[in-house]
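Here the structure comes first, spelled out in structure tokens, and everything after it is commentary.
The numbers here are math on the coordinates, done by the rules we state, and not lab data. Please read all numbers here as calculations on a predicted model, not as lab measurements.
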Amino acid sequence: MNKKQIEELKKKLEENKASLEKALGSFAKKDNVPEGDWETVFPKVEGSNMEEKADEVEEYSTLLPVEHALEIKLKNINDALEKIKKGTYGKCEKCGKEISHKKLLITPETKKCKNCV
Ligand SMILES: [Zn+2]
């Protein structure tokens, strides 16, 4: 990959990062430590009866796996941005070969080449 291609992917990663943070921010608050960890904030359910409360909590708990998936994706994006800084971006973590540009265009945060996934 040339510098221009990496710059393009970096832009893509940063855009993805911003939209992920926005998505997480809609139902979670950002924790200070550790970095990148988000805690789901349960809504206050004052003034409703016990049954309603249980329903709301149950509904809310279905968001937890979603939050977790977004967190993992965000972490991978941060890792990729870190690699761009270090100059190791685009190399497979397993075999060390270059990951195809085509694959990176689809998922710029990918860590492994198509042979290792
Ligand atoms: Zn590989």
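May I ask you to evaluate 6.51 cos²θ - 1.76 cosθ + 1.60, the Karplus curve with θ = phi - 60°, for each residue of the stretch 79-90 and list the ³J(HN,Hα) values in order in whole Hz, giving x for glycine and proline?
Listing the rounded values in order: 4, 5, 5, 5, 5, 4, 4, 7, x, 10, 5, x Hz.
Run the numbers for Lys112 and Ser19: contour at 0.36 nm per residue of separation, minus the present Cα-Cα distance, in nm. Write down the numbers at each step before the final one.
Values: separation 93, 0.36 × 93 = 33.48 nm, distance 2.35 nm.
Full extension of this stretch gives 31.1 nm more.
Report the gain in length on full extension from Lys102 to Lys4: 0.36 nm times residue separation, minus Cα-Cα distance, nm rounded to one decimal.
33.8 nm
Using amide H atoms built 1.01 Å from N in the peptide plane, name the residues 5+ places from Lys91, or on other chains, whose amide H lies under 5 Å from its own.
Residues meeting the criterion, in which the H sits 1.01 Å from N, are Ile99.
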